[in-house]
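The values are calculated or read from the model by the stated rules, or taken from the named source; none is laboratory data. Source: prediction; values computed, not measured. Note: ideal-geometry Cβ built from the backbone for every residue, glycine included; neighbour counts use all protein chains shown. With ligands, DNA and RNA removed, areas are computed over all heavy atoms of the protein, side chains included. Shrake-Rupley method; radii C 1.70, N 1.55, O 1.52, S 1.80 Å.
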Amino acid sequence: SQTIHQWPATLVQPVGSPLSLECTVEGTSNPNLYWYRQAAGRGLQLLFYSVGIGQISSEVPQNLSASRPQDRQFILSSKKLLLSDSGFYLCAWSPGGASYEQYFGPGTRLTVT
Amino acid sequence: SQQGEEDPQALSIQEGENATMNCSYKTSINNLQWYRQNSGRGLVHLILIRSNEREKHSGRLRVTLDTSKKSSSLLITASRAADTASYFCATDEQGAQKLVFGQGTRLTINP
């Protein structure tokens, strides 16, 4: 069966520090991968998605970047965090495009102080 | 981009009652999906309904889709305390690789 891992679960970082969040998927190959951010009590904002190694689509211009160095690994990064980067970050995978259901990881709660 | 909008934003009912949540969207879709999110957790897929379907059932869940009105509803029958969560609809854009999520309905089931 397929599983998706995200770490860390929680993170407190000072403004201006770098960020690296990692997401890995097991039990499937060539998944579509997604990074979302969720503000408290709000819906999901799609940040990046990837349909293959090295292929990244950015949805919202911002202080973040994403990379997919391996088929089942998706990394979210920032060189210098802003206060506005605080939020709940969710990684998800799907076996194809938008006609398929998405499977979410447990999320990372990021607080920028 | 298009976005599903859920209504109401919050709903509080007694255990055993039925809960109905609505979703409206703006452009043509291939499918519409519903997800549940428990507080502080990732989303869990509940049901997918395709644009050529009008109604779909899964256990205590019933989803309807009216493409002429660009709307969908999620009905949870005989609610339980464990159904307390936020519920989101998500729509695709035809041919797109991504989903667009609404703001969600926060459902509270009172024992």
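Only residues that are over 18 Å from residue B:11 (Cα atoms) and not hydroxyl-bearing (Ser, Thr, Tyr) were counted in segment B:49-77, giving 13. Taken over segment B:43-77, the criterion of being assigned to a loop (DSSP other than H, G, I, E, B) and either within 14 Å of chain A (Cβ to nearest Cβ) or under 20 Å from residue B:8 (Cβ atoms) (or both) is satisfied by B:51, B:52, B:53, B:60, B:69, B:70, B:77.
Contact annotation: residue pairs with Cβ atoms under 7 Å, 6 or more positions apart or on different chains, pairing a residue in segment A:23-36 that is on the phi > 0 side of the Ramachandran plot with a partner that is at pLDDT 95 or above, are A:30/A:71. Can we say residue B:71 is surrounded by fewer than 17 Cβ atoms within 10 Å (Cβ to Cβ), over 10 Å from the mean Cα position of the chain (by Cα) and small (Gly, Ala, Ser)? Considered against the rule, which asks whether it is surrounded by fewer than 17 Cβ atoms within 10 Å (Cβ to Cβ), over 10 Å from the mean Cα position of the chain (by Cα) and small (Gly, Ala, Ser), residue B:71 comes out as no. The residues listed here are A:81, A:21, A:46; of these, the one that is under 10 Å from the mean Cα position of the chain (by Cα) and more than 11 Å from chain B (Cβ to nearest Cβ) is A:21.
If you go through segment B:95-111 and keep only what is out of contact with any helix residue (DSSP H, G or I) (no Cβ under 7 Å at 6 or more places or on another chain) and open to solvent by less than 60 Å² (accessible area, probe 1.4 Å), you end up with B:96, B:98, B:99, B:100, B:101, B:102, B:104, B:105, B:108, B:110. Taking segment A:2-113 as the region of interest, the strands (runs of 3 or more DSSP E) fully inside it that hold 1 or more residues being open to solvent by 20 Å² or more (accessible area, probe 1.4 Å) are A:3-7, A:10-13, A:19-26, A:32-38, A:44-52, A:55-58, A:65-70, A:73-78, A:108-112. Filtered by the rule that a residue be open to solvent by 10 Å² or more (accessible area, probe 1.4 Å) and within 8 Å of chain A (Cβ to nearest Cβ), segment B:84-94 gives a lone residue, B:93. Would you check if residue B:15 is open to solvent by 70 Å² or more (accessible area, probe 1.4 Å), in contact (Cβ under 8 Å) with a residue 12 or more places away in the chain and either within 14 Å of chain A (Cβ to nearest Cβ) or not aromatic (Phe, Trp, Tyr) (or both)? Judged against the criteria, residue B:15 is a match.
Quick check on segment B:18-30. Is at least one of its residues touching a strand residue (DSSP E or B) at 6+ places or on another chain (Cβ under 8 Å) and within 11 Å of another protein chain (Cβ to nearest Cβ)? Yes, segment B:18-30 contains at least one residue that is touching a strand residue (DSSP E or B) at 6+ places or on another chain (Cβ under 8 Å) and within 11 Å of another protein chain (Cβ to nearest Cβ).
Filter segment B:26-42 for residues that are within 16 Å of the chain's Cα centre (by Cα), among the charged types (D, E, K, R) and in a loop (DSSP other than H, G, I, E, B) and give the result.
Going residue by residue through segment B:26-42, those that are within 16 Å of the chain's Cα centre (by Cα) are B:26, B:29-38, B:42.
Still in the running and among the charged types (D, E, K, R): B:26, B:36.
Residue satisfying the conditions is B:26 alone.
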